[in-house]
Ligand SMILES: Nc1ncnc2c1ncn2[C@@H]1O[C@H](COP(=O)(O)OP(=O)(O)OP(=O)(O)O)[C@@H](O)[C@H]1O
């Protein structure tokens, strides 16, 4: 869907030169949610704005759906941009227009007739969950509702790609979750490819399939979200993973857990994706006449299934306990026996 090669953007500020985006290479598959994460100043906004040429690249190539973006003339670029929707941190709505009129705006520009426009606006209002708010003005809406208008407007011309520039950074955690769920929903329903940039790792954890980590205009690490969580190699990536999983030394140590266990076995179960493992504990408890007691856990849900670890105290008949452990070993969950009682 999208191929980016040797993409660079250099800003000149007087005598100073800033390489905001520095020789980036990326391939993004159709239908995926691709995250770009980095701290402030890493170059994320510049990068995402280069994709639809809100910012002109200094060098490099961007193809979207097989078409080279960097050589399009103004007229062709305007047409191509209908394939690329964008939402913003501060929504960028038209304040003197109602919800319906905001959503209709890109359709008016594209020359869509009134009856068709009204029908499309209705569908979009329904899709983003704003029924009843058609006649409201942006100033009468909450942050989450404003972003829903932004999303509906971005989808008006049925784009194949949606760019999200820190789309949830101005929202509280609960509203952030509802907007992220909406993005997952439209990704699935419409098969829409989504590129989102963020400085928050939980946004990546919750909705992205793949991720690139940026620092000083460069991509320092990229891959599947679960791979980066389980095996971050760059220092910046490690810090982002800690944002979500906590620091290893903040966890209760094995020693403390060991002291609380005198019989049975203490197991550490590591979940690395696979939603089929979601109900593993209840499956084991049902299958074997043993007791399972969760002592500590840190599990996060990702698009590829649960990720994290659980400490479980297992007691009962020795043979059944061993059978239960063998059963867990037959799944993709990694088991480590930390203490034999
Ligand atoms: N129009 C501009 N003129 C000059 N320098 C710019 C311009 N836009 C961005 N920069 C510089 O480019 C670098 C990357 O900025 P960018 O906004 O892309 O980073 P970011 O990762 O999105 O950070 P933030 O989340 O804080 O916006 C920064 O050093 C910034 O000062």
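The values are calculated or read from the model by the stated rules, or taken from the named source; none is laboratory data. On a predicted model such as this, the values are computed, not experimentally measured, just so you know. Neighbour counts run over all protein chains shown; Cβ positions are idealised from the backbone, glycine included.
Do the conditions hold for residue 36, that is, is it assigned by TED's automatic domain parsing to the domain that holds residue 165, in contact (Cβ under 8 Å) with a residue 40 or more places away in the chain, more than 16 Å from the ligand (Cβ to nearest atom) and touching a strand residue (DSSP E or B) at 6+ places or on another chain (Cβ under 8 Å)? Considered against the rule, which asks whether it is assigned by TED's automatic domain parsing to the domain that holds residue 165, in contact (Cβ under 8 Å) with a residue 40 or more places away in the chain, more than 16 Å from the ligand (Cβ to nearest atom) and touching a strand residue (DSSP E or B) at 6+ places or on another chain (Cβ under 8 Å), residue 36 comes out as no.
Tell me, please, whether a residue that is within 22 Å of residue 31 (Cα to Cα) and either crowded, with 21+ Cβ neighbours inside 10 Å or without any contact (Cβ under 8 Å) to a residue 60 or more places away in the chain (or both) can be found in segment 106-124. Can you show your working first?
From segment 106-124, those within 22 Å of residue 31 (Cα to Cα) are 123-124; that's our starting set.
Now narrow it down to the ones that are either crowded, with 21+ Cβ neighbours inside 10 Å or without any contact (Cβ under 8 Å) to a residue 60 or more places away in the chain (or both): 123-124.
Yes, that holds for at least one residue.
Within the set 200, 221, 166, 215, the sole residue that is within 16 Å of the ligand (Cβ to nearest atom) and farther than 25 Å from residue 31 by Cβ turns out to be 215. Check whether at least one residue in segment 77-88 is under 19 Å from the mean Cα position of the chain (by Cα) and away from the ligand (no atom under 16 Å from the Cβ), and report yes or no. Yes, that holds for at least one residue. Considering only residues that are touching a residue at least 40 places away in the same chain (Cβ under 8 Å), within 30 Å of residue 33 (Cα to Cα) and buried (at least 17 other Cβ atoms within 10 Å of the Cβ), which ones fall in segment 306-341? Within segment 306-341, 307, 308, 309, 310, 333 meet the criteria. Taking segment 1-51 as the range and being at pLDDT below 95 and within 17 Å of residue 68 (Cβ to Cβ) as the test, only 1 passes.
Looking at 15, 69, can you tell me which residue is without any contact (Cβ under 8 Å) to a residue 12 or more places away in the chain and more than 12 Å from the ligand (Cβ to nearest atom)? Quick ask: steps written out before the conclusion?
Values: 69 fails: without any contact (Cβ under 8 Å) to a residue 12 or more places away in the chain.
Within the list 15, 69, the selection yields 15.
Residue-by-condition table, conditions (1) in contact with a strand residue (DSSP E or B) (Cβ under 7 Å, 6 or more places away or on another chain); (2) closer than 26 Å to residue 245 by Cβ:
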| position | (1), (2) |
| --- | --- |
| 271 | yes, yes |
| 297 | yes, yes |
| 324 | yes, no |
| 327 | no, no |
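Going by what's in this entry, would residue 200 be described as on the phi > 0 side of the Ramachandran plot and under 15 Å from the mean Cα position of the chain (by Cα)? Don't jump to the end; show me each part of the working.
Working: on the phi > 0 side of the Ramachandran plot: no; under 15 Å from the mean Cα position of the chain (by Cα): yes.
Spelling it out, it is not the case that residue 200 is on the phi > 0 side of the Ramachandran plot and under 15 Å from the mean Cα position of the chain (by Cα).
Of the residues making up segment 18-33, those that are surrounded by fewer than 16 Cβ atoms within 10 Å (Cβ to Cβ), within 17 Å of residue 219 (Cβ to Cβ), in contact (Cβ under 8 Å) with a residue 60 or more places away in the chain and more than 15 Å from the ligand (Cβ to nearest atom) number 2.
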